[in-house]
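Inspection log for the structure reproduced underneath, given as structure tokens.
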Amino acid sequence: MKDIGIFYGSTTGTTEEVAHKLGKLLGVSDEDIHNVADTAPSALGDYRLMVLGSSTWGSGELQDDWYDFLDGAGALNLKDHKMAIFGLGDESMTDTFCNAVGEIRKRMEPTEAVLVGEYPADVYDYEHSEATDGNTMYGLLLDEVNRPEITDKRLADWAAIIKKA
Ligand SMILES: Cc1cc2nc3c(=O)[nH]c(=O)nc-3n(C[C@H](O)[C@H](O)[C@H](O)COP(=O)(O)O)c2cc1C
């Protein structure tokens, strides 16, 4: 089994860019960074740690390319694998901030993959998000629209956490 694979869906390229930054921090080569638009869900099973990233679109929906991918992924048995999730969003969309992170977690639940890389919720300013149970975020949330200056530090901190997971 390979060590770490990154899977992303991105409409305007922001999540894609972050996926590659994360790849550098985690020592993941480009061949292990996958756009879910052209990747078979079964590729998830190749990795000990699956890092899944989506932006949020519409009113709190998954990035489009994730729907088909997660339909397939949800049927896999991944109980010997770990999963970390990151999301790109906009804190000013205060009722749906990074909902896609919660959606991925929910749709991956049947796989029994073990979630790692939860992140403090109190560093964000939002009213409602599907990405949290109220205490912690299910993964790392990033806002490149309003707070791009803190992305690199958060990414580095989170990469160090999930690398050891
Ligand atoms: C039409 C539209 C709807 C959006 N809806 C949400 C939303 O509901 N929640 C959120 O957190 N961000 C929302 N966003 C912000 C995007 O998720 C953000 O711009 C993200 O960086 C885009 O990443 P991508 O280029 O990888 O798709 C929306 C952006 C647009 C343009």
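What the table shows:
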read-out	value
Solvent-free Debye scattering, log10 I(q)/I(0), computed from the Cα coordinates of the chain at q = 0.12, 0.13 Å⁻¹	-0.44, -0.52
Extension gain (nm, one decimal) between residue 17 and residue 127, 0.36 nm per residue minus Cα-Cα	36.9 nm
Difference of contour (0.36 nm per residue) and Cα-Cα distance, residue 160 to residue 136	6.9 nm
Largest-first principal axis extents, alpha carbons of the stretch 1-86, Å	36, 30, 19
Tally of Lys pairs whose C-alpha atoms are under 21 Å apart, taken over the chain, 8 or more apart or cross-chain	22
Mean separation of Cα contacts under 8 Å (6+ apart) over length of the chain, as relative contact order %	21 percent
Full-extension gain in nm, residue 29 to residue 71, via 0.36 nm per residue minus C-alpha separation	12.5 nm
C-alpha long axis of helix 99-108 to longest principal axis of the chain, angle in °	30 degrees
Over the stretch 79-162, equivalent-ellipsoid semi-axes from the Cα gyration tensor in Å	21, 16, 10
Inter-label distance, nm, simple model (7 Å from Cα along the C-beta direction), residue 61/residue 40	2.8 nm
Most to least packed among 65-76, 112-123 [average Cβ atoms within 10 Å]	65-76, 112-123
Amide N proximity, the stretch 110-126 versus residue 92 label position 7 Å along Cα-to-Cβ, cut-off under 14 Å	none
Gaussian network model of the chain, springs between alpha carbon atoms under 10 Å - residue of 135, 77, 35 with greatest fluctuation	135
Test item: Cα-centred dipole of the chain, Lys/Arg +1 and Asp/Glu -1 on Cβ, debye	740 debye
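Laboratory data are not the source of any read-out in this text; all were calculated from the coordinates shown. No experiment lies behind these values; they were computed from the predicted model shown. No Cβ is skipped: glycine too gets one built from the backbone with ideal geometry, and neighbour counts run over all protein chains shown.
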